[in-house]
Amino acid sequence: MIEMKTVVMFPTATEARLFSRPGVETVISGVGLTATAYATLKAIREHAPDVLILAGVAGMYAHAPLAIGDTVLVESECEADLGFFTPEGFRHLAHLAIDMDFDVRHTLACPYLPDSPPLPLARSLSLNAALAPFIDTAHAEIENMEGAAFFHVCLQEGQRFYEVRSISNVVKLGHDDWDLDASVANLTEGLTRLIDSLRE
């Protein structure tokens, strides 16, 4: 078994409430992209982990081949509501950048995914405004409020990282059928499975 220093970040104490593992440190990072960016950099600088994991619940888009309670390993993130409203509608900053003198990466990918992942893979969008009706969801399966900031900081710092999400709800206005208890339990099981696989 490979020994490595592992730190797990949870956006909320609710998401962390069932997880406990000897030798693994946990951090409550806070909800949202700004809090997560700060907490990610702080965790890297203060803990110097071999592996940093973000774990939390997420919503799934109606077209995704997923179900409430599923747990996934996130392969890519995008800050999907970063942009401007134009007379033609919302345009992501990455698309506007084509006509302007700057570069914005639209999609951030995790380069550390194993050849045989212990969990199904999913593409994710991160939003400051959950359930925003103006974003393009066609190329993603899930939505959360932290992942893109986590991916960005880890990539910039050269930090090995993973993101685990358990599906708690369908991303649909007026859809209140959340199963938070089951998703937190499934998140804990999936997170444990990921950590075990990384130590083999």
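Coordinate-derived values only; no laboratory data. Only a predicted model underlies this, so the values are computations on that prediction, with no experimental measurement involved. All Cβ positions, even for glycine, are placed from backbone atoms using ideal geometry, and neighbour counts span all protein chains on display.
So for the chain: antiparallel DSSP bridges make up what percent, rounded to the nearest 5?
30 percent
How high is the relative contact order of the stretch 1-69, given as a whole-number percent (alpha carbon pairs under 8 Å, six or more residues apart)?
Details: 82 pairs, mean separation 27.5, N = 69.
Averaging sequence separation for qualifying contacts and normalising by length gives 40 percent for the stretch 1-69.
Helix 180-198 versus the longest principal axis of the chain: what angle, 0 to 90°, nearest 10, using Cα atoms?
70 degrees
Can you give the angle from 0 to 90° between the axis of helix 147-157 and the longest principal axis of the chain, with both taken from C-alpha atoms, to the nearest 10?
Tilt of helix 147-157: around 70 degrees.
With springs only between Cα atoms under 10 Å, which of Gly32, Gly59, Gly158 fluctuates most in a Gaussian network model of the chain?
Most flexible of the set in this elastic network: Gly158.
If the stretch 139-200 were replaced by its equivalent ellipsoid, with semi-axes equal to the square roots of 5 times the Cα gyration tensor eigenvalues, what would those be, largest first, whole Å?
So the equivalent ellipsoid measures 25, 18, 8 Å along its semi-axes.
For the chain, give the magnitude of the charge dipole about the Cα centre (Cβ charges: +1 Lys/Arg, -1 Asp/Glu; no others), in debye to the nearest 20.
Taking the Cα centre of the chain as origin, the dipole is about 380 debye.
Could you work out, for the stretch 6-82, what percent of all Cα-Cα pairs fall into each 10 Å distance bin, beginning at 0 Å and stopping at the bin that holds the largest distance?
The percentages, shortest bin first, are 15, 46, 31, 7, 0.
Contact order normalised by length for the chain, with contacts defined as Cα pairs under 8 Å and 6 or more residues apart; what percent is it?
About 31 percent, as a whole number.
Expressed as an acute angle from 0 to 90° and rounded to the nearest 10, what is the orientation of the C-alpha long axis of helix 33-47 relative to the principal long axis of the chain?
Roughly 30 degrees between the two axes.
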